[in-house]
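Please read the structure below before turning to the comments.
The values are calculated or read from the model by the stated rules, or taken from the named source; none is laboratory data. Just so it is clear, the structure is predicted and the values come from calculations on it, not from any experiment. Please note: Cβ atoms are built from the backbone with ideal geometry, for glycine as well, and neighbour counts cover all protein chains shown.
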Amino acid sequence: MGDIGLSPYLMVGAVLFVCGVVCMATKRNVIGVLMGVELVLNGSNVNFVAFSRYTPLGLDGQATALFVIVLAAAEAAVALAIALNFYNNHLTIDVDRGNELHG
C-alpha cells in the first residue's frame, strides 16, 4: 500500500480551517461561533500531525495536537458557561445583542 504524501493532509487541514473561519464570520449565535473555533483548531491539529509525520524537522505534532485538544476542551467549557450566563441575562444567544458588553 502506497503512501499518499503530505499534500492531501494539508488540503484537508486548510479546508477545515477555512470552514471554521467562514462559520465564525457568518453565524449569529454563540454555539455556531464555538463550532467554527473548534473547526479551526481541528484543522491546525491535522496540519501539526501531518508535518510531524512527513517532515524531518523533529516536530512533535502529536503532543502539540493533544495540547490543542486540551485547550479546546477548556475553551469550550468556559465559552459555554459564558453563553449560559448570557442567555440567562438576555434570553437569547445572538451575539449581536451583547452591545452593552463593550469595554
For this session: Determine, yes or no, whether A63 is under 18 Å from the mean Cα position of the chain (by Cα), in a helix (DSSP H, G or I) and loosely packed, with under 15 Cβ neighbours inside 10 Å.
Result: yes
Exercise. Regarding M24, is this residue at pLDDT below 95 and under 19 Å from A76 (Cβ atoms)?
Worked result: yes
Problem set entry | Counted residues, segment 1-56 - those being exposed (fewer than 15 other Cβ atoms within 10 Å of the Cβ) and assigned to a loop (DSSP other than H, G, I, E, B) | 9
Exercise. Within the group L59, L41, L71, which residue is more than 29 Å from Y87 (Cα to Cα) and among the hydrophobic types (A, V, I, L, M, F, W, C)?
Worked result: L59
Exercise. Counting just the residues of segment 1-28 that are hydroxyl-bearing (S, T, Y) and closer than 12 Å to N47 by Cβ, which one comes out nearest to the chain's Cα centre (by Cα)?
Worked result: Y9
